[in-house]
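Report on the following structure.
The values are calculated or read from the model by the stated rules, or taken from the named source; none is laboratory data. What you see is a predicted model, and the numbers here were worked out from it, not measured in a lab. Glycine gets a Cβ as well: all are built from the backbone with ideal geometry, and neighbour counts include every protein chain shown. Side chains included, ligands, DNA and RNA excluded: accessible areas come from the protein's heavy atoms. Shrake-Rupley method; radii C 1.70, N 1.55, O 1.52, S 1.80 Å.
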Amino acid sequence: AMTDNPTKPVRFWKYLLLTVFGAVLLVFVSLIWYLTTDSFQSMVRRRVVANLQKMTGGSVELGGFHASPRRFRIDVTDLTIHGHEKSGEVPYVQVDRIVAYIEVISILERELGFHSLLFEHPTVHILVNPDGSSNQPQPAIPSIHAKSPLEPLFSLAVGRLDVHKGELLWADERIPLDFVANDVS
């Protein structure tokens, strides 16, 4: 007489499937939780500052930074990029607030773009010295035709670009910047 129960293998596979599903769900929930921690926010903030310094060649200060991965939103306050201006002069770039909604263009190539990008009160200050030099810093990574290490990070495609109450300071002139542009690349 056979004592094997044909339902035992089915129960085993159901149990194994439920265990694997539970483990994957636990990992996913843990990852979502980690994305909201101060540790994650600090790591992303440090990377943003380091990448801005490499891209611009200037000294970067960042007042506030908050990433909301579930909404694909980044909020930055008090961004300042110092160029070669003298102490006490208006910095090369200063932005009161930036709100960026990120969209994934390609997961495999780690290519991101911006669904929308809002700059509140950006000030760009260009000084031209009598010898022809300016306060504009030089990027640490020279622009070349081949992809640089930063190019895959962001392909600068912006669905909507808003600039509110901005100004360009060119020599002694103040040029207001206040516009909305769609499909900028």
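Brief remarks follow.
Every residue, every condition in (1) touching a Gly at 6+ places or on another chain (Cβ under 9 Å); (2) open to solvent by 70 Å² or more (accessible area, probe 1.4 Å); (3) more than 25 Å from His66 (Cα to Cα); (4) modelled with pLDDT under 75, yes or no:
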| position | (1), (2), (3), (4) |
| --- | --- |
| Ser106 | no, no, no, yes |
| Gly113 | yes, no, no, no |
| Val124 | yes, no, no, no |
| Asn129 | no, no, yes, no |
| Ser134 | yes, no, yes, no |
| Asp162 | no, no, no, no |
| Gly166 | no, no, no, no |
| Trp170 | no, yes, yes, no |
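- Residue match in the stretch 6-29 (condition: in a loop (DSSP other than H, G, I, E, B), at pLDDT below 90, of a type outside the set (Phe, Trp, Tyr) and touching a strand residue (DSSP E or B) at 6+ places or on another chain (Cβ under 9 Å)): no
- Among the residues of the stretch 164-185, the ones that are in contact with a strand residue (DSSP E or B) (Cβ under 9 Å, 6 or more places away or on another chain) and without any contact (Cβ under 8 Å) to a residue 40 or more places away in the chain come to 11 in all.
Residue-by-condition table, conditions (1) in a helix (DSSP H, G or I); (2) surrounded by fewer than 17 Cβ atoms within 10 Å (Cβ to Cβ):
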| residue | (1), (2) |
| --- | --- |
| Ile32 | yes, yes |
| Phe40 | yes, yes |
| Val44 | yes, yes |
| His66 | no, yes |
| Asp75 | no, yes |
| Asp78 | no, yes |
| Pro91 | no, no |
